[in-house]
Amino acid sequence: MPRVPTFDSLRTFECPDWSRDAKLGIWSHWGAQSVPMYGDCYARNLYVEDSEQYRYHIRHNGHPSQFGYKDIVQL
């Protein structure tokens, strides 16, 4: 049965044995910046008025002066 890309499927994911021995490096950021789930450099770009992250932040959280990155960190 194919895996469905959902949070539920991620919770039940088991790392394959071959992956534990693999010698491959991957960078991943799972900090506060990943809360909005809208790309890399979100913390910086939500304050850059012509960026996609800024427009996304306005639509979902309001103006950064009222709800900024310091508030996302609390989430």
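The values are calculated or read from the model by the stated rules, or taken from the named source; none is laboratory data. Just so it is clear, the model here is predicted, and its values are computed rather than measured. Positions of Cβ are backbone-derived with ideal geometry, glycine not excepted, and every protein chain shown enters the neighbour counts. Keep in mind that these areas ignore ligands, DNA and RNA; they rest on the heavy atoms of the full protein, side chains included. Shrake-Rupley method; radii C 1.70, N 1.55, O 1.52, S 1.80 Å.
When the stretch 1-20 is filtered for residues that are open to solvent by less than 90 Å² (accessible area, probe 1.4 Å) and within 26 Å of ASP71 (Cα to Cα), only THR6 remains. Among residues of the stretch 5-27 that are on the phi < 0 side of the Ramachandran plot, those with a Cβ under 8 angstrom from a residue that is in a loop (DSSP other than H, G, I, E, B), sequence gap 6+ or separate chain, pair up as SER9/ARG3; PHE13/ARG3.
Scanning the stretch 26-46 for residues that are in a loop (DSSP other than H, G, I, E, B), under 13 Å from ILE72 (Cα atoms) and among the hydroxyl-bearing types (Ser, Thr, Tyr) returns a single hit, TYR38.
Only residues that are surrounded by 12 or more Cβ atoms within 10 Å (Cβ to Cβ) and hydrophobic (A, V, I, L, M, F, W, C) were counted across the stretch 21-66, and they come to 7. If you go through the stretch 47-75, how many residues are within 28 Å of LEU10 (Cα to Cα) and not in a helix (DSSP H, G or I)? Count: 1.
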